[in-house]
1. Determine the principal axes of the Cα atoms in the chain, then give the extent along each, sorted from largest to smallest and rounded to whole angstroms.
2. Using +1 at the C-beta of Lys and Arg and -1 at the C-beta of Asp and Glu, which of Leu399, Ala308, Thr22 has the Cα lying farthest in the positive direction of the dipole of the chain?
3. Compute the Rg to Rh ratio over the range 220-320 from the alpha carbon atoms, using the Kirkwood formula for Rh, and round to two decimal places.
4. Is any residue of the range 368-404 close enough, with backbone N under 18 Å, to a label point placed 7 angstrom from the Cα of Gln26 along the Cα-Cβ axis, and if so, which?
5. For the pair Ser99 and Leu335, how long in nm is the line joining their label points, each one 7 Å along Cα→Cβ?
6. Could you state the per residue volume, in Å³, of the convex hull enclosing the Cα atoms of the range 296-417?
7. Please state, rounded to one decimal and in Å, the Kirkwood hydrodynamic radius that the range 291-359 gives when every pair of distinct Cα atoms enters the mean of 1/r.
8. With springs only between Cα atoms under 10 Å apart, run a GNM on the chain and tell me which of Phe366, Phe219, Phe199 wobbles the most.
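Derivation of every value follows stated rules applied to the coordinates shown; laboratory data play no part. Everything numeric in this text was worked out from a predicted model, so none of it was measured. Here the Cβ positions follow ideal geometry from the backbone for every residue, glycine too, while neighbour counts run over all protein chains shown.
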Amino acid sequence: MEKLNHLKKSDSELAKLVEMETRRQQETLDLIPSENSVSNAVREAVGSRLMNKYSEGYPGKRYYAGNALIDEIELLAIERARNVFHLGKQWHVNVQPYSGSPANMAVYMALLNPGDTIMGMSLPFGGHLTHGWKVNFSGKLYRAVQYEVGRDGFLDYDDIEKLAKKEKPKIIVAGATAYPRMIEFEKFAKIAEAVGAYFMVDMAHIAGLVASGAHPSPFPHADVVTTTTHKTLRGPRGAIIFVNAKSETAKRNGIDIASAIDKAVFPGLQGGPHDNQTAAIAVCLKEAAAPEFKKYGKQIVKNAKALAKELQRLGFELVSGGTDNHLMLIDLTSLGISGKEAQDHLEKVGIVVNRNTVPFDTRSPFDPSGIRLGTPLLTTRGMKEKEMEMVAALIHAALTGGNKHDISKKVKDICRRFVL
Ligand SMILES: *Cc1c(COP(=O)(O)O)cnc(C)c1O
């Protein structure tokens, strides 16, 4: 349990809420695929005095005095980011974006003009809001065209190529929040090349898998790669933009892509960087370069496959018939309950998931037909394939009228054995 000594003394009301949330995290099984649980070292960096500093600008070019050490910290984060993903100096790295959405916004701001065409994955088919969805800035400021998955739940690269040739986007975005399969970056890159578009990969969900070799790397193929640092990468909330300074597309468009992206982050969109967050990113990248992290990333996928297999054996229908990565989508249609009902039933017994649309969903996004499950956090807790089978059984019991008291007790038992 957290100490929170000072907080307890100065603000017991807030301290109590933090303690209760800590306990909630410890006593529930979190299968939300975008969540993770960071190391104590990462949390110490986030809570450090670095948060007191203003350092608008970049290393060596700050608008405030007193930034020599902050420069070192930011340069360390940048160097470690290159190291984790095995990148040469041609990859320019920006670690300042406050989070994933502002990182994507900065890329568009750097490379596009309002009204230009952006092509990304449709949100109800697994894409992210910032890939051109209509209620997001990306769908309002730009002309967004959206690709979907096929009836089998897989990306259909022939369809994506046809759409790209018809719509001539200026940028093609690959990456997803709810796609259980491998993304073939090489095929995307060929399509982008054929239509002269920038190829951007948003690897937010799978960055930790890429770092550990459990998913193919986008870097040999992309002009720009963005990622959050708080999902499978297991760092603080934050984001990184990787820019291929040798991008042929940028050269053809006559722009210095690295400096365009830096300028879009600051002063284009943001003010002072969150230096405490930058430091915590550096810490998480050191952790991600260690051999144990390779094992971790591979175990996430093994666990997802084990969970998927057992869920299927128990009769659940999975979108695309399984998973290649850290997540899966259960289509609940045949079970006769909605995603929201399932989410609520599961939360009552201490299993935390999130409702999600399934491809070609006939229900509304507020109460869709599916739930999304992922294994990053349970894997951080040290669970393996055997525990995934137990988790599948508990999910099945909770959704088919099993005894709530018994299920809750079993959930608590597992949580106690795999301490957070
Ligand atoms: C989570 C996510 C983001 C946005 O990250 P925030 O930090 O929530 O803004 C962007 N793209 C993808 C693919 C994501 O999964």
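1. 64, 58, 37
2. Farthest towards the positive pole: Thr22.
3. Details: Rg = 18.9 Å, Rh = 16.9 Å.
Checking Rg against Rh, the ratio lands at 1.12.
4. The answer is 378, 380-383, whose backbone nitrogens lie closer than 18 Å to the label point.
5. Inter-label distance under the simple model: 2.9 nm.
6. On the way: hull volume 11.0 nm³, N = 122.
Taking the convex hull of the Cα positions in the range 296-417, it is 90 Å³ per residue.
7. Mean inverse Cα-Cα distance, inverted, gives 13.1 Å.
8. Phe366
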